[in-house]
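Novice: Here it is: the structure, laid out below.
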Amino acid sequence: MNPADARPEDTEEGAAAETPDLEDPRAVLSVLEADQIVAAKQRTRFGRRELSAGVRVLLWGMRVYVVIMLVLVVISAIRVIHGTR
Amino acid sequence: MKQRPINPSSSSARPTTEAAADSPLAQDLAALLTHEDADRARDRWKVNRARRIERRSRAAGKLRVLWLLVGPGVLVFLGENDAPSMLSYSATGARFGIGFFIPFVVLTFAMGLVVQEMTVRLGAVTHRGHAELIFDRFGKFWGFFSLGDLVLGNFLTLVTEFIGIRAGLGFFGIRPAVAVGAALLLVFAAMTTGRYWTWERITLGLAIFNGLFVPAALLAHPNWREVGHALITWTPLPHGNGFDILMLMLADIGATVTPWMIFFQQSAVVDKGMQPRDIAAGRVDTLLGALLATLFAIATILATAPLLHHGIDASQFQAAQFAEALEPWIGRAGASLFALGIFEAGIVAAIAISTSSAYAFGEVLRTGHSLNRPIRDAWPFYSTLLGSAAAAAGLVLIPRAPLEFIVLIVNVVAVLAMPPALAFLVLLVNDREVMGDEVNTFGQNVGAIGVTVLLIVAGVGFGVATVFPHWLKF
């Protein structure tokens with residue numbers, strides 16, 4: 001493990017405790033990452049990214065693809081059910 | 001610990017591995033901790049202790065760490081070995097026997113592995129679900145499109161799970177209303193645990209019964225030389241109506257890569273509390289899930305292969321009919337195992353898929369969305385979970401509901417909805433503002449884009465075959 005990743009419970013004293021007292025906020029904060037706490041996640045968001053022209057074309061292309069394909073699926077299934085294929 | 005309302009802040013999230021205790025906001029956060037945080041901390045504490053044991057006793061510690069971190073990957077793959085998937089593998093074995101489709105199924109699971117590995121990294125680094133990230137990074141417009149695909153696919157798939165449950169238990173003479181009602185009760189019981197860990201272990205315990213198809217396959221006495229030959233040479237190639245072969249290929253692809261798997265595994269990784277240093281274990285978990293699911297899928301093909309050798313026309317078979325038709329060759333015990341396997345496939349998938357819908361809704365509505373929350377704290381999340389399952393279960397019991405139509409299209413719809421889902425996934429996992437150093441490598445991008453292209457080619461092939469059906473008659 002990278003030493004930078006070491007946590008308080010990785011120390012001899014921290015690990016000695018059989019079960020942590022999770023009513024103690026320090027015990028909870030010592031094992032979770034800062035952006036893992038529910039309140040922290042509610043406070044911060046990953047903001048909108050700038051969508052380049054290429055990305056917009058890709059996403060629209062995918063959308064058109066799905067709509068066309070869904071129509072074809074319905075046509076195909078109706079043909080199978082009515083035995084017209 | 002009670003949750004206090006907090007003021008929304010405009011500050012941006014960023015990938016970090018900083019411990020909450022070391023954060024400048026630690027004091028503030030300490031006052032805002034929830035029951036969900038405490039449960040997640042308990043799970044993390046166990047993982048960290050196991051890591052300490054790992055440093056003293058490598059093998060025992062490694063196994064303990066793996067035991068604690070295994071879950072989302074195995075669940076997602078065994079969940080995707082669901083009722084329509086097992087039906088698809090049964091049809092494959094009954095119509096084409098041992099040949100091309102055995103290695104083809106291995107390939108589809110390899111594709112699934114490439115996709116699901118990315119969700120592990122996304123979840124562990126960002127601690128956010130997939131729907132939440134799409135809404136945050138691409139906005140509501142694209143978010144609702146993505147959510148729409150998920151909701152449509154999930155509902156159709158859930159319906160087919162309950163068809164499988166009804167058919168599987170129907171083999172034992174259990175009435176449809178009783179079978180569907182019992183399954184719904186099981187979904188409810190699993191969600192009321194109030195602990196992600198307990199829910200995960202219960203569902204894993206059920207999922208392992210996907211292995212029932214292995215003894216069913218052994219009772220069919222497959223020719224192992226043929227199996228080995230097929231795996232190496234991809235032969236004999238399937239013969240017959242090209243459109244039917246293409247549909248079966250699409251159904252088998254749809255049995256391994258679907259949008260709900262992306263949303264589910266990422267949210268489960270987050271709910272489990274996995275961190276960037278757990279990514280390696282998450283990969284092992286995902287690989288283990290893929291291997292088990294591949295084994296059980298191949299077992300299903302082998303179990304139904306005798307139908308081909310005995311000239312049984314299985315083209316119109318539904319789940320329970322496969323079990324009934326197999327009875328003369330694999331015995332009552334084998335057929336019962338097969339029917340139970342279909343039931344298990346349906347119930348595990350019903351739990352996983354309804355949970356994936358609930359996670360996505362909770363993330364988008366910004367309400368509590370964790371299995372670590374008690375029902376009273378996250379009732380919209382649990383209502384979505386149970387409501388989606390109940391709606392699908394109810395539809396199955398309505399006389400003359402278009403169930404045949406849904407069964408026919410469900411896996412194909414999954415394949416067709418996959419390229420847009422993969423586009424969002426690949427864009428997110430290459431987004432350095434979100435992923436930091438865990439962005440895709442060149443090789444991972446080659447794999448992910450390769451899978452997307454393959455799915456698009458398969459979809460376009462389906463489209464061409466639908467518009468010009470005579471092209472595939474040979």
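Bear in mind these aren't lab numbers, they're just calculated from the coordinates by the rules spelled out. Since this is a predicted model, take the numbers as computed values, not measurements. All Cβ positions, glycine included, derive from the backbone under ideal geometry; neighbour counts span all protein chains shown.
Novice: Which value, in nm² and rounded to one decimal, describes the direction-averaged projected area of the C-alpha convex hull of chain B?
Specialist: 23.4
Novice: Within 10 Å of each Cβ in peptide B:399-412, how many partner chain Cβ atoms are there on average? Round it to a whole number, please.
Specialist: 2
Novice: Other chains near A:71-79: what is the mean number of their Cβ atoms within 10 Å of each residue's Cβ?
Specialist: Mean partner-chain Cβ count within 10 Å for A:71-79: 6.
Novice: Right, next: Would you grab the residues whose amide H sits under 5 Å from the one on B:A19? Only those 5+ places off in sequence or on another chain, please, with H modelled 1.01 Å from N.
Specialist: A:A34
Novice: Got a sec to turn the phi values of region B:100-112 into Karplus ³J(HN,Hα) couplings, 6.51 cos²θ - 1.76 cosθ + 1.60 with θ = phi - 60°, whole Hz, x for Gly and Pro?
Specialist: Values per residue, Gly and Pro as x: 3, 6, 5, x, 4, 5, 4, 4, 5, 6, 5, 4, x Hz.
Novice: Tell me which residues come under 5 Å, amide H to amide H, from B:I312 once H is placed; ignore anything under 5 positions away on its chain.
Specialist: Amide H to amide H, under 5 Å and 5 or more residues apart or across chains, B:I312 pairs with nothing.
Novice: Using the per-residue mean of other Cβ atoms lying within 10 Å as a proxy for protection, in what order, highest first, do the peptides B:128-135, A:20-27, B:324-331 fall?
Specialist: The packing order, highest mean first, is B:128-135, B:324-331, A:20-27.
Novice: Return the ratio Rg/(2.2 N^0.38 Å) for region B:416-469, where Rg is computed over Cα atoms only. Let's see the in-between values first.
Specialist: Numbers: Rg = 14.2 Å, N = 54, 2.2 N^0.38 = 10.0 Å.
Normalised Rg, Cα atoms only: 1.42.
Novice: Arrange B:Y359, A:Y65 by Cβ neighbour counts within 10 Å, fewest through most, would you?
Specialist: Ordered by Cβ neighbours within 10 Å, fewest first: A:Y65, B:Y359.
Novice: Out of all Cα-Cα pairs in region B:43-97, roughly what percent, to the nearest whole number, are more than 17 Å apart?
Specialist: 57
Novice: For region B:229-286, just the Cα atoms, rotate onto the principal axes and tell me the three extents in Å, largest first.
Specialist: Sorted from largest, the Cα extents of region B:229-286 read 49, 26, 11 Å.
Novice: For region B:137-242, compute Rh as the Kirkwood radius over C-alpha pairs and then the Stokes-Einstein diffusion coefficient at 25 °C and 0.890 mPa s; write the answer in µm²/s, rounded to an integer.
Specialist: Once the numbers are plugged in, D ends up at 134 µm²/s.
Novice: Show me B:81-87, B:194-200, B:458-464 ranked by packing, highest mean number of other Cβ atoms within 10 Å first.
Specialist: Per-residue mean Cβ counts within 10 Å order the peptides as B:81-87, B:194-200, B:458-464.
Novice: Quick one: if you take sqrt(5λ) for each eigenvalue of the C-alpha gyration tensor of region B:383-433, what semi-axes come out, biggest first, whole angstrom?
Specialist: Over the Cα atoms of region B:383-433, the semi-axes work out to 33, 17, 4 Å.
Novice: Beta carbons within 10 angstrom, averaged per residue: use that to sort the peptides B:246-258, B:147-159, highest first.
Specialist: Details: B:246-258: 24.7, B:147-159: 21.6.
So the order, starting with the most tightly packed, is B:246-258, B:147-159.
Novice: By how many nm would the segment from B:T441 to B:L288 grow when fully extended, if each residue of separation counts as 0.36 nm and the alpha-carbon distance is taken off?
Specialist: 52.9 nm
Novice: A further question follows. Stick to Cα atoms and the Kirkwood definition of Rh, then tell me Rg/Rh for the protein assembly as shown.
Specialist: Reported Rg/Rh (Cα atoms, Kirkwood Rh): 0.98.
Novice: Which ³J(HN,Hα) values, rounded to whole Hz and listed in residue order, are derived for region B:280-294 from phi using the Karplus coefficients 6.51, -1.76 and 1.60 in 6.51 cos²θ - 1.76 cosθ + 1.60 with θ = phi - 60°, glycine and proline given as x?
Specialist: My calculation for region B:280-294 gives 4, 5, x, 5, 4, 4, 5, 5, 4, x, 5, 5, 4, 5, 5 Hz in order.
Novice: While we're here: For peptide B:126-137, what's the mean number of Cβ atoms from other chains within 10 Å of each residue's Cβ?
Specialist: Average neighbour count from other chains, rounded to a whole number: 3.
Novice: Over the residues of region B:293-379, compute the C-alpha Rg and express it relative to 2.2 N^0.38 Å.
Specialist: Values: Rg = 19.2 Å, N = 87, 2.2 N^0.38 = 12.0 Å.
After normalising by residue count via 2.2 N^0.38 Å, the value is 1.60.
Novice: In whole Hz and in residue order, list the ³J(HN,Hα) couplings for region B:433-439 that follow from phi through the Karplus curve 6.51 cos²θ - 1.76 cosθ + 1.60, θ = phi - 60°; x for Gly and Pro.
Specialist: 5, 9, 9, x, 7, 8, 4
Novice: Neighbouring Cβ atoms within 10 Å as the yardstick, rank B:F296, B:F96, B:F104 fewest first.
Specialist: Ascending Cβ contact count within 10 Å gives the list B:F104, B:F96, B:F296.
Novice: Let me ask another. Sum -39500 (n - 2.57) across every DSSP H segment of at least 4 residues in chain B, then divide by the residue count to get the 222 nm mean residue ellipticity, nearest 500.
Specialist: -25500 deg cm²/dmol, from helical runs alone.
Novice: Please compute P(r) over all alpha-carbon pairs of region B:341-474, binned at 5 Å starting from zero, and give each bin as a whole-number percent.
Specialist: 2, 8, 10, 13, 14, 16, 16, 11, 5, 2, 1, 0
Novice: Just the Kirkwood number for region B:10-71, please: inverse of mean 1/r across all distinct Cα pairs, in Å, one decimal.
Specialist: One over the average 1/r among Cα pairs gives 13.8 Å for region B:10-71.
Novice: Quick check: convex hull over the Cα atoms of region B:17-159, volume per residue in Å³, rounded to an integer?
Specialist: That works out to 185 Å³ per residue.
Novice: I've got another one for you. Under 5 Å between amide hydrogens, which residues at least 5 positions from A:R45 or on another chain qualify, with H placed 1.01 Å from N in the peptide plane?
Specialist: Here the answer is B:A13, since their amide H atoms fall under 5 Å of that of A:R45.
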